[in-house]
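Colleague: Quick one: structure below, then a few questions.
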Amino acid sequence: MAAPKPIYQEENWTRALITIDNLPEHYQHLEVGHHSKIRNMLGFAIKSFKTSDHILISASGPSVNKAITCGEIFKRQFPQIKQVTGIGYRNVRMITEEMINGEISKTITTRRLPSIHILLSKNHLHPNLPAYNNHVRYQGADKVSDHVTRPVSRKTFNKSEYRGTKENQLMSL
């Protein structure tokens with residue numbers, strides 16, 4: 001018998017679920033999924049940011065890291081951007097139907113997945129908001145190789161110095 005396939009019911013994002021206070025009236029909303037490609041999301045975000053002053057990047061569960069990556073890349077494209085971050089939870093109901101002794105049994109479980117909302121804005125936001133970040137452009141090195149020093153490879157030492165040469169090993173017998 002095949003394993004039962006669960007049905008997921010997630011809450012849709014509403015203003016009540018977004019954990020950022022004083023959300024602007026008009027903004028572009030980018031919802032990041034775990035199957036979304038970063039290149040496609042950034043293309044949409046950059047195009048929509050030309051017409052709108054605010055963009056909201058939202059994600060929950062396993063796609064939180066991808067949303068943070070999108071936000072960081074986006075901030076490098078627009079150096080004078082302002083950011084407010086909100087962190088919270090999103091409820092997900094998982095309904096599983098199983099066949100037990102010829103009867104269908106439904107099991108409903110509720111999980112709380114972590115969620116993140118990143119509001120990026122061209123305009124000045126209220127600096128007293130929690131998690132406000134007035135982005136400062138990175139100073140100094142532009143290349144990774146300028147500020148990263150690589151450790152010495154493990155293969156640079158002469159192994160015979162530590163184990164002794166074959167002549168020394170034979171002489172010790």
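The values are calculated or read from the model by the stated rules, or taken from the named source; none is laboratory data. Remember, predicted model here, so these are calculated numbers, not experimental data. Every residue, glycine as well, gets a Cβ built from its backbone with ideal geometry; the counts of neighbours run over all protein chains shown.
Colleague: Taking Ala67 and the conditions (1) more than 29 Å from Leu30 (Cα to Cα); (2) at pLDDT 60 or above; (3) surrounded by 11 or more Cβ atoms within 10 Å (Cβ to Cβ), which numbered condition does it fall short on, given that it satisfies the others?
Modeller: So Ala67 meets the others, but not (1).
Colleague: Please enumerate the residues belonging to segment 19-33 that are within 14 Å of Ile116 (Cα to Cα), touching a strand residue (DSSP E or B) at 6+ places or on another chain (Cβ under 6 Å) and surrounded by fewer than 15 Cβ atoms within 10 Å (Cβ to Cβ). Spell out the reasoning first.
Modeller: So the first thing to find is which residues in segment 19-33 are within 14 Å of Ile116 (Cα to Cα), and the list is 19-21, 29-33.
Subset that is touching a strand residue (DSSP E or B) at 6+ places or on another chain (Cβ under 6 Å): 19-20, 29-32.
The one that is within 14 Å of Ile116 (Cα to Cα), touching a strand residue (DSSP E or B) at 6+ places or on another chain (Cβ under 6 Å) and surrounded by fewer than 15 Cβ atoms within 10 Å (Cβ to Cβ): His29.
Colleague: Restricting to segment 6-46, what's the tally of residues that are charged (D, E, K, R), over 18 Å from the mean Cα position of the chain (by Cα) and either in a strand (DSSP E or B) or modelled with pLDDT of 75 or more (or both)? Before you say what the answer is, go through the steps one by one.
Modeller: In the first step, residues of segment 6-46 are kept if they are charged (D, E, K, R); the result is 10-11, 15, 21, 25, 31, 37, 39.
Next, from what is left, pick out any that are over 18 Å from the mean Cα position of the chain (by Cα): 10-11, 15, 21, 25.
Next, only the ones that are either in a strand (DSSP E or B) or modelled with pLDDT of 75 or more (or both) stay: 10, 21, 25.
Final tally of qualifying residues: 3.
Colleague: Quick one: which residue in Glu103, Glu97 is at pLDDT 65 or above and either under 26 Å from Arg39 (Cβ atoms) or in contact with a strand residue (DSSP E or B) (Cβ under 9 Å, 6 or more places away or on another chain) (or both)? Don't jump to the end; show me each part of the working.
Modeller: On the way: Glu103 fails: either under 26 Å from Arg39 (Cβ atoms) or in contact with a strand residue (DSSP E or B) (Cβ under 9 Å, 6 or more places away or on another chain) (or both).
So the residue among Glu103, Glu97 that is at pLDDT 65 or above and either under 26 Å from Arg39 (Cβ atoms) or in contact with a strand residue (DSSP E or B) (Cβ under 9 Å, 6 or more places away or on another chain) (or both) is Glu97.
Colleague: Additional query: Does at least one position in segment 99-120 carry a residue that is assigned to a strand (DSSP E or B), surrounded by fewer than 16 Cβ atoms within 10 Å (Cβ to Cβ), touching a residue at least 40 places away in the same chain (Cβ under 8 Å) and of a type in the set (Val, Ile, Thr)?
Modeller: Looking for residues that are assigned to a strand (DSSP E or B), surrounded by fewer than 16 Cβ atoms within 10 Å (Cβ to Cβ), touching a residue at least 40 places away in the same chain (Cβ under 8 Å) and of a type in the set (Val, Ile, Thr), one finds none in segment 99-120, hence no.
Colleague: If you go through segment 80-98, how many residues are closer than 23 Å to Val64 by Cα and either part of a strand (DSSP E or B) or of a type in the set (D, E, K, R) (or both)?
Modeller: In the first step, residues of segment 80-98 are kept if they are closer than 23 Å to Val64 by Cα; the result is 81-94.
Right, trim to either part of a strand (DSSP E or B) or of a type in the set (D, E, K, R) (or both) and you get 82-94.
Looking only at that region, the number is 13.
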